[in-house]
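One structure below.
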Amino acid sequence: MTKATFVPLEHFEEISQEEMKLRAQKFYQTMKRRRTVRDFSERPVPVEIIEQALLAAGTAPNGANRQPWHFVVISNPAMKREIREAAEQEEKAFYQQRAPKEWLEALACLGTDEHKPFLETAPYLIVVFAQSYELTGDGRKLKNYYVQESVGIAVGFLIAALHHAGLATLTHTPSPMNFLNRICGRPENERPYLVLVVGYPAEGAQVPLITKKSIGEIATFLK
Ligand code: IYR
């Protein structure tokens, strides 16, 4: 068993409570400007921004520090088309047959359907994979822990980082999405988690009119 080694907490930044309040407000103001976009521009985006955002995602807290994620960045038009075609095929079956009426009713406020042109238009697709286990050099399976939670937190960091950098994103979950292993050439210990579509919004892009719950609805402060 590997024993823990401890080092001093070096990077904790002590700030005044006044400054903390201002930062907390400012961060909320930044985050509440984020909208999920489905209408992307073809405008190119420097890959360094994607790389830095992925580094931020990789700092996420996770089960036993296994970092059970892998991000495949796709900008190649032929691969984007292949993903669009496969996703639209699944989505067509979803919208026309598989989805229960209740689910379609829940989605109505978003105005989504089986057409996914953004999978080709946006400059980047980041396909996120969750590693349910690790394969050791000698072929043993090493179990990972809290994989769904860990990858979810990392994707949250990623979306926040890309938004902070000035880009729009869409969390897209074609279902089922096993085809992504084949297209991205990922091994069997990895399951596709979601596709993050990244780029600039198209000029004149529209988003659905929706509201967020109030603080009283989402939180309870017990005394
Ligand atoms: N995966 C489908 C359906 C969909 C499901 C949920 I829950 C959403 O919040 C949005 C869409 C699609 O991408 O259209």
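The values are calculated or read from the model by the stated rules, or taken from the named source; none is laboratory data. These numbers come from a predicted model, not from an experiment. Note that each Cβ is placed from the backbone with ideal geometry, even for glycine, and that neighbours are counted across all protein chains shown. Accessible surface areas use protein heavy atoms only, side chains included; no ligands, DNA or RNA. Shrake-Rupley method; radii C 1.70, N 1.55, O 1.52, S 1.80 Å.
Using the heavy atoms of the protein chains and a 1.4 angstrom probe, tell me the accessible area per residue for region 74-143 in square angstrom.
Working: 4070 Å² over 70 residues.
Counting only protein heavy atoms, the per-residue value for region 74-143 is 58 Å².
Which of Ser132, Asn76, Ala168 sits closest to the plus end of the dipole of the chain, meaning its Cα is farthest towards the positive end, when Lys and Arg get +1 and Asp and Glu get -1 on the C-beta? Projecting each Cα onto the dipole axis, the largest value belongs to Ser132. So what's the back-of-envelope 222 nm ellipticity for the chain, counting only DSSP H runs of four-plus at -39500 (n - 2.57) apiece and dividing by all residues, rounded to 500? Per the formula, -11000 deg cm²/dmol.
Where only protein heavy atoms count, and the probe is 1.4 Å, what is the accessible area per residue for region 5-68 in Å²?
On the way: 5330 Å² over 64 residues.
Heavy-atom SASA per residue in region 5-68 reads 83 Å².
Solvent exposure of region 160-203, expressed per residue, is 43 Å² of accessible area, with all protein chains present and a 1.4 angstrom probe. Modelled label positions at Arg33 and Phe6, each set 7 Å beyond Cα in the direction of Cβ, lie 4.2 nm from each other.
Exactly which trypsin sites (Lys or Arg not before Pro) in region 108-186 are in a DSSP loop and have at most 15 other Cβ atoms within 10 Å? Intermediate results must be reported in sequence, preceding the final value.
Numbers: sites: Arg140, Lys141, Lys143, Arg182; in loops: Arg140.
Answer by residue number: Arg140.
In plain terms, the C-alpha convex hull of the chain casts an average shadow of 17.2 nm² when viewed from every direction. Counting only protein heavy atoms and a probe of 1.4 Å, the accessible surface of region 37-202 is 52% carbon and sulfur. Taking a straight Cα-Cα cut-off under 20 Å and skipping sequence neighbours fewer than 8 places away in the same chain, the aspartates and glutamates within cross-link reach of Lys212 are Glu105.
Charges were assigned to the Cβ only: +1 to each Lys and Arg, -1 to each Asp and Glu. The resulting dipole of region 37-202 about its Cα centre is roughly 320 debye.
Considering only alpha-carbon pairs that sit under 8 angstrom and 6 or more positions apart, the relative contact order computed for the chain is 32 percent. The slack in the chain from Gln89 to Asp138, taken as 0.36 nm per residue of separation less the alpha-carbon distance, amounts to 13.8 nm. Applying a threshold of 23 Å to the alpha-carbon distances of Lys80/Lys143; Lys92/Lys213; Lys80/Lys213; Lys3/Lys143; Lys21/Lys223; Lys32/Lys101 flags Lys80/Lys143; Lys92/Lys213; Lys80/Lys213; Lys32/Lys101 as lying beyond it. Summarising the label geometry, the points placed 7 Å from Cα in the beta-carbon direction at Arg23 and Asp113 lie 4.7 nm from one another.
Leaving ligands, DNA and RNA out of it, rank Ile215, Ile183, Ile210 by accessible area with a 1.4 Å probe, largest first. Provide the component values of the computation, followed by the final result.
Details: Ile215 110, Ile183 20, Ile210 65 Å².
Putting Ile215, Ile183, Ile210 in descending order of accessible area: Ile215, Ile210, Ile183.
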